[in-house]
Ligand SMILES: C[S@@+](CC[C@H](N)C(=O)[O-])C[C@H]1O[C@@H](n2cnc3c(N)ncnc32)[C@H](O)[C@@H]1O
């Protein structure tokens with residue numbers, strides 16, 4: 001059975017309760033600079049790095065050497081240009097000891113409509129991947145995608161070139177042998193995640209779509225591993241983590257969001273327990289509330 005540990009408070013303080021090298025995956029979306037100041041406060045873009053670095057120092061301490069940290073963030077526009085705090089944060093985290101291993105893009109399929117005189121609708125956010133070392137746990141087969149109908153059409157009549165290694169025409173050193181794809185049902189995905197945002201009926205203004213933490217949990221963890229979200233909001237990350245048989249730790253500073261997360265995670269734990277009983281063949285008998 002998965003375990004959960006939800007903490008109410010400032011993650012900078014609460015993270016100190018966690019043991020060194022005890023977490024396999026961190027997935028989080030901290031408050032964006034100066035955003036949503038009416039609901040859960042904003043941090044000035046000019047002081048963002050200074051605010052966040054003591055927290056990333058704690059995250060570095062609690063992450064296992066084989067673990068991964070996924071940070072969802074996007075720089076805001078200040079005085080007509082993109083602020084540089086995300087870039088400054090990446091450099092400062094590298095100086096702190098993190099490796100900036102990869103950047104995934106979250107393409108928001110249903111991004112907010114609108115028109116600005118000098119820019120288009122913002123349809124993507126960064127998902128920065130940080131690690132402690134070059135070798136980390138990654139289970140790529142878990143996120144493979146179906147080849148799609150195009151493969152059947154493309155592979156029906158192979159040309160001579162398709163049967164040999166065809167080097168890239170631009171001299172990059174890459175090459176492909178199309179015939180290698182015959183019989184394959186799945187392909188590796190790209191580093192762009194196409195996911196719609198979800199806000200309805202979740203009682204929090206900035207929730208993750210479930211599929212976002214699910215994708216990273218599949219990619220970087222196994223059942224029984226520990227997943228942490230230090231800014232858990234409504235508790236999406238810990239809820240889907242326990243649904244997937246992982247152990248979860250979540251931290252939230254606001255009591256009303258903490259309560260939401262607690263209800264969500266308790267529900268997921270109950271469901272997992274019922275499923276486990278069903279699978280073991282024991283009839284499930286719900287207990288009467290007292
Ligand atoms: C962008 S939201 C996260 C939403 C979350 N991903 C979800 O799916 O519900 C950021 C959350 O961090 C919380 N927060 C802000 N500062 C915090 C801090 N210092 N420690 C812990 N939580 C904090 C906010 O109250 C807010 O709920």
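The values are calculated or read from the model by the stated rules, or taken from the named source; none is laboratory data. Keep in mind the model is a prediction, meaning the values are calculated, not measured. Counting neighbours? That spans all protein chains shown, and the Cβs are built from the backbone with ideal geometry, glycine included.
Among the residues of the stretch 21-42, write down those that are at pLDDT 85 or above and at negative phi. It would help to see each step written out before you state the result.
Our first condition is that a residue be at pLDDT 85 or above; within the stretch 21-42, this holds for 21-31.
Listed by number, the residues that qualify are 22, 23, 24, 25, 26, 27, 28, 29, 30, 31.
Whether any residue in the stretch 212-220 is surrounded by fewer than 16 Cβ atoms within 10 Å (Cβ to Cβ), closer than 22 Å to residue 32 by Cβ and not assigned by TED's automatic domain parsing to the domain that holds residue 159 is what I want to check.
No, every residue in the stretch 212-220 fails to be surrounded by fewer than 16 Cβ atoms within 10 Å (Cβ to Cβ), closer than 22 Å to residue 32 by Cβ and not assigned by TED's automatic domain parsing to the domain that holds residue 159.
Assess whether residue 241 counts as being within 16 Å of the ligand (Cβ to nearest atom), at negative phi, surrounded by fewer than 22 Cβ atoms within 10 Å (Cβ to Cβ) and touching a residue at least 40 places away in the same chain (Cβ under 8 Å). Talk me through it step by step, then tell me what you get.
On the way: within 16 Å of the ligand (Cβ to nearest atom): yes; at negative phi: yes; surrounded by fewer than 22 Cβ atoms within 10 Å (Cβ to Cβ): no; touching a residue at least 40 places away in the same chain (Cβ under 8 Å): yes.
No: the conditions fail for residue 241.
It is to be established whether one or more residues within the stretch 125-141 are assigned to a helix (DSSP H, G or I), in contact with a helix residue (DSSP H, G or I) (Cβ under 6 Å, 6 or more places away or on another chain) and on the phi < 0 side of the Ramachandran plot. Lay out the reasoning, then the answer.
First, the residues of the stretch 125-141 that are assigned to a helix (DSSP H, G or I): 140-141.
Now drop any that are not in contact with a helix residue (DSSP H, G or I) (Cβ under 6 Å, 6 or more places away or on another chain), which leaves none.
No; the residues of the stretch 125-141 include none that is assigned to a helix (DSSP H, G or I), in contact with a helix residue (DSSP H, G or I) (Cβ under 6 Å, 6 or more places away or on another chain) and on the phi < 0 side of the Ramachandran plot.
Please find, within the stretch 1-20, the residue that is surrounded by the most Cβ atoms within 10 Å (Cβ to Cβ) out of those that are in a loop (DSSP other than H, G, I, E, B) and either modelled with pLDDT under 95 or more than 9 Å from the ligand (Cβ to nearest atom) (or both).
First, the residues of the stretch 1-20 that are in a loop (DSSP other than H, G, I, E, B): 1-3, 9-10, 18-20.
Pick out the ones that are also either modelled with pLDDT under 95 or more than 9 Å from the ligand (Cβ to nearest atom) (or both) and you get 1-3, 18-20.
Details: 1: 9, 2: 23, 3: 12, 18: 21, 19: 8, 20: 10.
Only one residue fits best here, namely 2.
Give just the number: which of (1) in contact with a helix residue (DSSP H, G or I) (Cβ under 9 Å, 6 or more places away or on another chain); (2) within 16 Å of the ligand (Cβ to nearest atom); (3) in contact (Cβ under 8 Å) with a residue 40 or more places away in the chain does residue 186 not satisfy?
(2)
Give me the pairs, please: first residue somewhere in the stretch 82-93 and closer than 14 Å to residue 125 by Cβ, second residue anywhere and at pLDDT 95 or above, beta-carbon distance under 7 Å, and either six or more positions apart or on two chains.
86/73; 86/126
Only one of 75, 102, 81 is within 19 Å of residue 44 (Cα to Cα) and touching a strand residue (DSSP E or B) at 6+ places or on another chain (Cβ under 7 Å); which?
Numbers: 102 fails: within 19 Å of residue 44 (Cα to Cα); 81 fails: touching a strand residue (DSSP E or B) at 6+ places or on another chain (Cβ under 7 Å).
Unique residue meeting the criteria: 75.
Consider residue 272 carefully, then state whether it is more than 22 Å from residue 64 (Cβ to Cβ) and within 12 Å of the ligand (Cβ to nearest atom). Step through it out loud before you land on a result.
On the way: more than 22 Å from residue 64 (Cβ to Cβ): yes; within 12 Å of the ligand (Cβ to nearest atom): no.
No.
What's the total number of residues in the stretch 244-266 that are surrounded by fewer than 24 Cβ atoms within 10 Å (Cβ to Cβ) and more than 15 Å from the chain's Cα centre (by Cα)?
14
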